[in-house]
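Let me begin by presenting the structure, written as structure tokens, before commenting on it.
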Amino acid sequence: MEPTSIQQVLAGMARTRSMAVAADSHHFIVLSLLNQWMKEVAAPNVTGVLLDFGCGGQPYRDLFLPHISSYLGADVAPAAGVALDILITPGQPLALPTASVDTLLSSQVLEHVPNPHAYLAECRRLLQPSGKLIITVPMQWRHHEEPYDFLRFTRYGLEHLLQSNGFKILDLRPCGGALALLGQLLCNILSTRGVRSKLLYRLINRSALWLDRRYPDYGDTINWNCIATLQEKEPK
């Protein structure tokens, strides 16, 4: 029987639950770059109550816990081995008061949302005025969690989407350049075709990341990583 809802697609799915990633993993390029940004850029910006809005396997929970007062994991269905604090009902607001969240984490979620404006409006409602939105979105990635995979984002598309929904961008940067992207694409293709050679993946991963540092080109990237806050209201 065909799945009839995103809850059925995601319920019990094995998701990444740790920031630890082996150098011979076919996801090493994207995860090593994303994890580095989370540690160096995102972590210093988290405070207070943190809502992981589309938390998946909650891989960044342990990273952020020392910086916050509480962590709330919310998703449309629990991943394997993960307990949710809030179960999301698609199209409905979360059962949280307005301006009750200091930090909102949205990592690799927005591409799965059919109405990103409604999602960001809910992010705006939940954040307190000085709160931070930490958001990462793909620019180039193969289909996943099908058929609930709707969007990809350019830098300017993400900027426009955030600004038109009341956010001010504080930091926006690519997650790797074109050569890191090529290495990740190659690993994805090989993995899909059943290649399991750890030596081959390690060689591709290390070479692609070295070339990406040596010859940076950000006209293409895997992800966009962003920190934003609420726009100040104009005085009446």
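Quick one: Karplus J couplings for the stretch 63-75, per residue in order, coefficients 6.51, -1.76, 1.60, θ = phi - 60°, nearest Hz, x for Gly and Pro?
Rounded to whole hertz, the list is 5, 8, 3, x, 9, 10, 8, 7, 10, 10, x, 10, 7.
All other residues with a Cβ under 13 Å from the Cβ of Leu162 taken together, and with Lys, Arg as +1 and Asp, Glu as -1, what is their net charge? Could you put the intermediate results ahead of the total?
On the way: positive: Arg124, Lys132, Arg155, Lys168; negative: Glu159, Asp171.
It works out to a net charge of +2.
Percentage of Cα-Cα pair distances in the stretch 78-163 greater than 22 Å, rounded to whole percent? Don't skip to the end; give the middle numbers.
On the way: 1094 of 3655 pairs.
Summing the P(r) of the stretch 78-163 above 22 Å gives 30 percent of all pairs.
When only alpha-carbon atoms are used, what values of Rg and Dmax, in angstrom, describe the stretch 133-236?
17.0, 63
Whole-Hz Karplus ³J(HN,Hα) for the stretch 127-136, in order, using 6.51 cos²θ - 1.76 cosθ + 1.60 and θ = phi - 60°, x for Gly and Pro?
6, 6, x, 9, x, 10, 9, 10, 9, 10
When DSSP beta bridges are limited to those with both residues in the chain, what percentage is antiparallel, rounded to the nearest 5?
Among the beta bridges of the chain, antiparallel pairing accounts for roughly 50 percent.
Give a residue-ordered list of calculated ³J(HN,Hα) values for the stretch 151-164 (Karplus: 6.51 cos²θ - 1.76 cosθ + 1.60, θ = phi - 60°; whole Hz; x for Gly, Pro).
My calculation for the stretch 151-164 gives 9, 10, 10, 7, 4, 6, x, 5, 4, 4, 5, 5, 5, 6 Hz in order.
So how many Å³ per residue does the convex hull of the Cα atoms of the stretch 45-101 work out to? It would help to have the intermediate numbers written out before the result.
Values: hull volume 4.8 nm³, N = 57.
Residue-normalised Cα hull volume stands at 84 Å³.
Quick one: which residues, 5 or more positions from Tyr148 or on another chain, have an amide H under 5 Å from its amide H? H modelled 1.01 Å from N in the peptide plane, none for Pro or chain starts.
HN-HN under 5 Å from Tyr148: empty list.
What residues qualify as long-range amide H neighbours of Lys132, i.e. H under 5 Å apart, gap of 5 or more or another chain, H built at 1.01 Å from N?
Result for Lys132 returns Thr103, Leu104.
For the stretch 117-193 and the stretch 36-75, what is the centre-to-centre distance using only Cα atoms, to the nearest Å?
17 Å
What net charge do the residues around Asp85 carry, taking every other residue with its C-beta under 13 Å from that of Asp85, with Lys and Arg at +1 and Asp and Glu at -1?
-1
Kirkwood hydrodynamic radius (Cα pairs, Å) of the chain? Kindly include the intermediate steps, with their values, before the conclusion.
Details: mean 1/r = 0.0540 Å⁻¹.
Computed over Cα pairs of the chain, the Kirkwood hydrodynamic radius comes out at 18.5 Å.
With 5 Å bins from zero, work out the P(r) of the stretch 1-89 over every alpha carbon pair and list the percent per bin.
3, 14, 20, 21, 19, 15, 6, 2, 1, 0
Under a 1.4 Å probe, what is the accessible area of the stretch 100-236 per residue, stated in Å²? Show your work: numbers first, answer last.
Values: 7090 Å² over 137 residues.
Accessible area per residue, the stretch 100-236: 52 Å².
Taking only C-alpha pairs under 8 Å that are 6+ residues apart, what is the relative contact order of the stretch 94-228 in percent?
Working: 204 pairs, mean separation 42.6, N = 135.
Here the relative contact order equals 32 percent.
Of all accessible surface on the chain at a 1.4 Å probe, what whole percent is carbon and sulfur?
Details: 6660 of 11960 Å².
Exposed carbon and sulfur together represent 56 percent of the surface.
The values are calculated or read from the model by the stated rules, or taken from the named source; none is laboratory data. Since we're looking at a predicted model, the values are computed, not measured. Here Cβ is always computed from backbone atoms with ideal geometry, including for glycine, and neighbour counts include all displayed protein chains. Just the protein is used for accessible areas: all its heavy atoms, side chains included, with ligands, DNA and RNA removed. Shrake-Rupley method; radii C 1.70, N 1.55, O 1.52, S 1.80 Å.
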